[in-house]
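Trainee: I have a structure here, written as structure tokens, and I will follow up with some questions on it.
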């Protein structure tokens, strides 16, 4: 579970919030759009038995600052996270990314290969197969205005329900986590700025680098992910030498809600030091 209060560190003039637990080799957990560090809450205890686990809120998300001047694109987030890990003195670390976080994992791994010991992409964006609906819709001016004025938890719940296989797990408690940043005008503006900042060129321009990487990659896909198609994961597996692909049944886009124990099992096995 997440600790009650997040720690904060100032990076490039803004504060990033994070939760840290455990001892051992460092593992950085990075969420995607529509979520923040809460999405890892059911995995942290299992991972922290063997690792120093850091779950960060990206700029504009969760309890981190929400300025609207900096880009929230993949490349910009990646460079901020490099500075974040250096500020924490992590040294080489394993990167576990979900959704947009999976794209950031790819970018950091090929741009800073000495920093990343292992890379994990969970239901991640890749190549030019994104952004996807409903994110593209959020870029339309009239939709942005409607989102600022009328988006309520009922509408947001439909987005979450589509992304979870086990619908009964979309409880009021879970929706409270998802909805927390959207309660304020600042949070809604940051969410829309995130959507507007996304540019798949941040990943298409590293395709050749991925083919040359020597970093171990684990690619995990929830087989019932309705937001990102299977080809995202399958092509990553084909393009990245020596990568491992794991497809998990009865798991949607928010696979951390559907299969947390299976994720912990797969991650601990992949991150286990070589004998």
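Trainee: What distance in nm separates the simple spin-label points at residue 223 and residue 239, each placed 7 Å from Cα in the Cβ direction?
Mentor: Modelled inter-label distance: 2.5 nm.
Trainee: Something else now. Just to confirm my numbers, what's the Cα centroid distance between region 32-68 and region 164-216 in Å?
Mentor: Result: 12 Å between the Cα centres.
Trainee: Related question: Please rank 56, 116, fewest neighbouring Cβ atoms within 10 Å first, as an exposure proxy. It would help to have the intermediate numbers written out before the result.
Mentor: Working: 56 31, 116 24.
Ascending number of Cβ neighbours within 10 Å: 116, 56.
Trainee: Here is a follow-up. I want the antiparallel fraction of DSSP beta bridges within region 7-271, as a percent rounded to 5. Please report the intermediate quantities before stating the final value.
Mentor: Numbers: 9 of 34 bridges.
Once the DSSP bridges in region 7-271 are tallied, antiparallel ones form about 25 percent.
Trainee: Report relative contact order for region 7-271 in percent, whole number only (criteria: Cα-Cα under 8 Å, sequence separation at least 6). Walk me through the intermediate numbers first.
Mentor: Numbers: 512 pairs, mean separation 55.9, N = 265.
Taking the mean separation of contacting Cα pairs over the length of region 7-271, I get 21 percent.
Trainee: So what is the relative contact order for region 1-103, in percent, with contacts set as C-alpha pairs under 8 Å and at least six apart?
Mentor: Across region 1-103, relative contact order equals 34 percent.
Trainee: State whether region 165-245 is rounded, prolate or oblate according to the following rule on the C-alpha gyration tensor (a ≥ b ≥ c being the square roots of its eigenvalues): a/c under 1.5 gives rounded; otherwise a/b larger than b/c gives prolate, and the remaining case gives oblate.
Mentor: Here region 165-245 falls in the oblate category.
Trainee: Sort 14, 19, 237 so the one with the fewest other Cβ atoms within 10 Å of its own Cβ comes first.
Mentor: 14, 237, 19
Trainee: For a quick protection proxy, order the peptides 58-64, 240-246, 97-103, 254-260 by their average other-Cβ count within 10 Å, most packed first.
Mentor: Result, highest mean first: 97-103, 58-64, 254-260, 240-246.
Trainee: Let me ask something additional. Would you calculate, for the chain, the mean residue ellipticity at 222 nm contributed by helices, counting each DSSP H stretch of 4 or more residues as -39,500 (n - 2.57) and dividing by all residues, to the nearest 500?
Mentor: -11000 deg cm²/dmol
No lab work stands behind these numbers, since they all come straight from the coordinates. All values derive from a computational prediction rather than experimental measurement. Don't worry about glycine lacking a Cβ; one is built from the backbone with ideal geometry, like all the others, and counts go over all protein chains shown.
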